[in-house]
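Student: Quick one: this structure, given as structure tokens, is what I'll be asking you about.
FYI, it's all coordinate maths here, none of it is from the lab. Here the structure is a predicted model, which is why all the values come from computation and not from measurement. All Cβ positions, glycine included, derive from the backbone under ideal geometry; neighbour counts span all protein chains shown.
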Amino acid sequence: MDQREVQEAVQAGEAALASIQRAREKLESAKNWGIFDIFGGGMISSMVKHSRMDDASGYMEEAKRKLTAFERELKDISISAELSVEMGNFLRFMDTFMDNIFVDFVVQSRINEAIAGLDDVSGRVSGILAELYPLLQD
């Protein structure tokens, strides 16, 4: 196996993991603000929560691009993987303009689903990288 191709795949995988981690951190922050929002945080906590969700969305778009690059690099070394992340629709309009506990719970649920999705794809990327690292030693 070509060492250069393996190195390129490892670099692409590590870059994807970094973007996934940044998105997860922003979602965790949004989740924390969402909990505050549920317990009466009001419009300001909703705005901060959505700012964090917007940031996470940007990182998730970046992660999608980097995961696509990682998949392409893996194909170069005959490894097939389907890796994707989805932000989903966070009902921003409803949450901001119909600020009530029911909508807040739905938004929290979506944030938790997105975090779980990121954890899943992060685990799969980490697993593939764990298989690739020993190949760099050859």
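Student: Once you put a point 7 Å from the Cα of Ile77 and another 7 Å from the Cα of Glu131, both along the Cβ direction, what distance in nm separates them?
Tutor: According to this spin-label approximation, the distance is 1.1 nm.
Student: If you don't mind, there's one more thing I want to ask. If you take the charge dipole of the chain about its Cα centre, with +1 on Lys and Arg Cβ and -1 on Asp and Glu Cβ, which of Ser84, Ser51, Ile128 is farthest toward its positive end?
Tutor: Ser51
Student: Taking the chain as the reference, fit the longest principal axis to its C-alpha atoms, fit the long axis of helix 3-36 to the helix C-alpha atoms, and give the angle between the two in degrees, 0 to 90, nearest 10.
Tutor: The two axes meet at around 10 degrees.
Student: Taking the chain as the reference, fit the longest principal axis to its C-alpha atoms, fit the long axis of helix 101-137 to the helix C-alpha atoms, and give the angle between the two in degrees, 0 to 90, nearest 10.
Tutor: So the helix axis and the longest Cα principal axis differ by about 10 degrees.
Student: For the ranges 77-84, 120-127, 63-70, what's the packing order if you count other beta-carbon atoms within 10 Å of each residue, average per peptide, and put the highest first?
Tutor: In decreasing order of mean packing, 77-84, 120-127, 63-70 become 63-70, 120-127, 77-84.
Student: About its Cα centre, what dipole magnitude does the chain give when the only charges are +1 on Lys and Arg Cβ and -1 on Asp and Glu Cβ, stated in debye to the nearest 20? Present the calculation step by step, with values, prior to reporting the outcome.
Tutor: Values: 15 positive and 24 negative charges, 74 e Å.
Roughly 360 debye for the chain.
Student: Next up: By how many degrees, 0 to 90 and rounded to 10, does the Cα axis of helix 42-76 deviate from the longest principal axis of the chain?
Tutor: Helix 42-76 and the main axis of the chain meet at about 20 degrees.
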